[in-house]
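Undergrad: Please read through the structure below; I'll follow up with questions.
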Amino acid sequence: MTSADDTPRRTGTRLVLKVGLQAFLVLLFLIVATLGTLSGVLFAYAGDLPEISALDDYRPHTITRLLAQDGQEIGEFATERRVVIGYDDMAPVLRQAIIATEDGGFERHFGISVSRMIITAIRDVVKGERYGASTITQQLSRTLFLTEYMKDGVFARSGLTGLERKAKEILVAIQIEKRYTKREILTMYANQINLGPGLYGVEAASRAYFDKSAKEVTLEEAAAIAAIIQTPARLTPFVNPDRTLARRNTTVLPRMVENGFITEERAREAARTPLVVVGQPSADRTIAPYFVEEIRKKLEEKYGADALYQAGLRVQTTLDAKLQEAANIAVDRGLRRIDKRRGGFRKPSRNLVAEGRNIEQFTLDRWDQSILAGDIVPAVVTFVGESSARVRIGKNEIELPRAAFAWTRKTSPAELFKVGDLIEVEVRGLQGTRPAELMLEQPPAIEGALLAIDNRTGQIRAMVGGFSYIRSKFNRATQARRQVGSLFKPIVYTAAIDRGFTPVSVFIDEPVSYTAGPNQPPYSPQNYDRKFEGPVTLRRALEQSRNIPAVKAMQEIGPGQVVSYAKRFGLNEAPPYLSLALGSAESTLVQMTSAYSAFVNRGVRMTPYGVISITDRDGNLLEEHRPEPHEAIRADTAFVMTNLLRGVVQRGTAQAAAALDWPLGGKTGTMDEYTDAWFVGFDPNITVGVWIGYDEKRSLGPGETGASAALPIWIEFMRAYIDARADRKAPPEFEAPGNIVFVGLDSGVTEAFINGTQPQAAAPAEPAVTPAATPPPAE
């Protein structure tokens, strides 16, 4: 029996059930309608999708790499710095960090996660914020196939709406899941994602941030990489390491715990570990920027920009990394030495106070790197007193006493700089890792170049094209044509030896004058020291770089003949004037260095080259370079000249190099008014050329000859080269052809003659007069 009180209750229950049923039917209708709409949308775009099979040959843009002889990477070219790796080339913790952060259900879904999309939609509505709902597969589909629709991160250029974009993204993701395994999808994703400025893929990021491969990263480092994925432009540790660290600790590591990849204890331990990166990557970090740029230009000319920056070429070069380092140091120190001697101190170009900067908070990337004794580093002036100053390098404040700037000839630092100036200092001593003893430095205004070539192959072993590639990209080793001065005299004497002259042939070193042509003053060459020695042998004339004998030799054999010899040595064609004997013609450093290498290589000049081989990303050989010989002169003539040039080192203008105690030869060169200083020298295996000067033609200063300006740099480089050789205690020898006869002379010199030209031959006649058209150089 039912009570009266139960009637309203049953009525209310039926009403609730009725309303609930109606709501359920409405919801069901909406779900069916939504699914129908979604199915319709998906069907509508199903025929307008990319071919997923293209991923079977997944070939993303990769880096073109330049390698030195020992395999060390010396340069790279890329629009996207990427190194493609396999699934097993990633540390397990790195794979786990990516999955946990970007798609915890990656192993369970079929490309999309419906539940995740619904939950994300609700959160978007409730909290008024946008949360990402895309799976790893969806992100991959968007990156690989839909990026052409994007403009500044918005799918606006093609007119795609958000619904259209999402529909295509879902369809592509499903197709990817049908065709590829989870391992393959994760591998493609890890190789494709952007992880910072120009960095694509986890391998490139691991190398840039931590200087190790993706297989070697620790949990802390893996979590930091995963933290970057969301917004690489803002979360890269190069831009904001604090934000990277925060996301690593508050998002990535907790999600790894949620997904069961690590324990909470391990996460707390990792969160306590500081984020340490190796430093921001830079194109200027290469040890050989001028050499790398030369290779880049040739590669782009032959293969095009797309192949150079995207195809992942592997370029094996001829560069010797250790010699290149030695060349960099020798040129840097040498130019600074000359600049101090002649230039004086120039006011610093930057003052932080004038720029409105806080000098206490100012920092530089260089200060984050290790600093060793001998390094030259930037410093901020923090105090200027009567006799000393203080500077800051990183967190260290160090005194700069009067002795540190004595070379400026100023007694007070106030005459040199003021608080806030950004200057350079050389670290002379350390206390632990802290700079302690300093010497004031400055970037030199003078320029220089150095080039080292293997005699037997022509392979370029080292190249410096200027003081600083950042300051000037003009390559003075290959692009600058300068008057060569007395470097040209061996070409003259080579032609003379071929025409019967010998090392003991006598020239009269005396005042001479030649008719220079109509309306021209007489051509009257002078010696460098403005003195005349009377009768001198060809050997002495070359060793002491006497000008008059060189001009007489050229007049005797004919200027036209000398010009033809210069062409055989690979030099530019020049007018056949007598002043050519003293180096009025212009050449590049690479031309002169290559020319001198022929003396040592039995008269054969090898074309200089920097690339041994080029392979594509699959290891297929695209091109291979081999030595390219050019017969310049006879082997016996070449040896006689080599022996004469050895005398320049033993007794002549390059005698300072004799201290190296090594079989060496070479020649100094100095131009009028000391505008250009040269030295090109060799041992049996390598020829090295050095040029010093200003880019605009002006004097280096009185007395800055090839011997005083260029030779010291050459000696410093050769000392490093010799010290690194395995045969240091058993030097190589200059090999003489079979028709060379050695004769001991009264002077104590053992002279080399081509058989049949020994001293009993008559001395050559005194030269006649030949007109000239240009004034002579000094040396």
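Undergrad: Beyond a 18 Å Cα-Cα separation, which of these cross-linked pairs lie in this structure: LYS212/LYS322; LYS473/LYS567; LYS340/LYS410; LYS297/LYS473; LYS297/LYS322; LYS347/LYS410?
TA: Working: LYS212/LYS322 22 Å; LYS473/LYS567 29 Å; LYS340/LYS410 13 Å; LYS297/LYS473 13 Å; LYS297/LYS322 24 Å; LYS347/LYS410 13 Å.
Checking Cα-Cα distances, LYS212/LYS322; LYS473/LYS567; LYS297/LYS322 exceed 18 Å.
Undergrad: Still on this structure: With every protein chain left in place, what is the accessible area of ASP661 in Å² (1.4 Å probe, nearest 10)?
TA: Roll a 1.4 Å probe over it and ASP661 shows about 120 Å².
Undergrad: For the full complex of protein chains and a 1.4 angstrom probe, list ARG243, ARG268 by accessible area with the highest value first. Write out the running numbers ahead of the final one.
TA: Values: ARG243 105, ARG268 130 Å².
The most accessible residue leads, giving ARG268, ARG243.
Undergrad: Determine the share of the range 309-418's accessible area contributed by carbon and sulfur atoms, expressed in whole percent, with a 1.4 angstrom probe.
TA: 47
Undergrad: What are the ³J(HN,Hα) couplings of the range 389-396, residue after residue, when phi is run through the Karplus curve with 6.51, -1.76, 1.60 and θ = phi - 60°? Round to Hz, x for glycine and proline.
TA: 9, 10, 10, 10, 10, x, 8, 9
Undergrad: Under 12 Å from the Cα of LYS302, which aspartates and glutamates turn up, not counting those fewer than eight places away in the same chain?
TA: Within reach: GLU623.
Undergrad: Amide H neighbours of GLN544 under 5 Å, at least 5 residues apart or on other chains, H built in the peptide plane: list them.
TA: Placed amide hydrogens put nothing under 5 Å from GLN544.
Undergrad: Given a cut-off of under 8 Å on Cα pairs at least six residues apart, what relative contact order in percent is computed for the range 628-742?
TA: Reported relative contact order: 23 percent.
Undergrad: Shifting gears a bit: Just tell me which lysines come within less than 20 Å, Cα to Cα, of LYS168; anything on the same chain fewer than 8 places away is out.
TA: Correct list for LYS168: LYS151, LYS178.
Undergrad: Here's something else I'd like to know. Which residues' amide hydrogens lie under 5 Å from the amide hydrogen of GLU437, considering only partners 5 or more residues apart or on another chain, with H built in the peptide plane?
TA: Distant-sequence amide H within range of GLU437: ARG428, GLY429, LEU430.
Undergrad: Tell me, in nm to one decimal, what length is gained between GLN72 and SER468 on full extension, where the rule is 0.36 nm per residue of separation less the Cα-Cα distance?
TA: Details: separation 396, 0.36 × 396 = 142.56 nm, distance 2.17 nm.
Additional length available on full extension: 140.4 nm.
Undergrad: Next question, about the same structure. Restricting to DSSP loop positions (anything but H, G, I, E, B) with no more than 16 other Cβ atoms inside 10 Å of their own Cβ, which GluC sites (Glu not before Pro) remain in the range 311-393?
TA: GLU355, GLU360, GLU386
Undergrad: Calculate one ³J(HN,Hα) per residue across the range 84-95 by plugging θ = phi - 60° into the Karplus curve 6.51 cos²θ - 1.76 cosθ + 1.60, and present them in order as whole Hz with x for glycine and proline.
TA: 6, 10, x, 4, 6, 8, 10, 4, x, 5, 6, 4
Undergrad: Let me ask you something else. In whole percent, how big is the carbon plus sulfur part of the accessible area of the range 448-510, probe 1.4 Å, protein atoms only? Please list the in-between numbers first.
TA: Values: 850 of 1650 Å².
In the range 448-510, the share of accessible area belonging to carbon and sulfur is 51 percent.
Undergrad: Roughly how many debye, to the nearest 20, is the charge dipole of the range 212-338 about its Cα centre, given +1 on each Lys and Arg Cβ, -1 on each Asp and Glu Cβ, and no other charges? Working shown, then result.
TA: Values: 20 positive and 17 negative charges, 40 e Å.
That gives the range 212-338 a dipole magnitude of about 200 debye.
Undergrad: Could you tell me how far the Cα centroid of the range 309-354 sits from the Cα centroid of the range 716-752, in Å?
TA: Cα centroid of the range 716-752 versus Cα centroid of the range 309-354: 32 Å apart.
Undergrad: When the Cα centres of the range 553-567 and the range 476-522 are compared, how far apart do they sit, in Å?
TA: That distance is 8 Å.
Undergrad: Amide H neighbours of ARG461 under 5 Å, counting only residues 5+ apart in sequence or on other chains, H built in-plane at 1.01 Å?
TA: Result for ARG461 returns ALA452, ILE453, ASP454.
Undergrad: Another question, then. Could the peptides 639-648, 694-703 be put in order, highest first, of the mean number of other beta-carbon atoms found within 10 Å of their residues? Could you put the intermediate results ahead of the total?
TA: Details: 639-648: 24.7, 694-703: 13.2.
Listed from highest to lowest mean packing, they are 639-648, 694-703.
Undergrad: Separate question: Report, largest value first, the span of the C-alpha coordinates of the range 473-597 along each principal axis, in whole Å.
TA: That works out to 47, 37, 27 Å along the principal axes.
The values are calculated or read from the model by the stated rules, or taken from the named source; none is laboratory data. It should be emphasised that the depicted structure is a prediction, and the values quoted were computed from it without experimental measurement. Don't worry about glycine lacking a Cβ; one is built from the backbone with ideal geometry, like all the others, and counts go over all protein chains shown. Remember, those area values only see protein heavy atoms, side chains included, never the ligands or the DNA or RNA. Shrake-Rupley method; radii C 1.70, N 1.55, O 1.52, S 1.80 Å.
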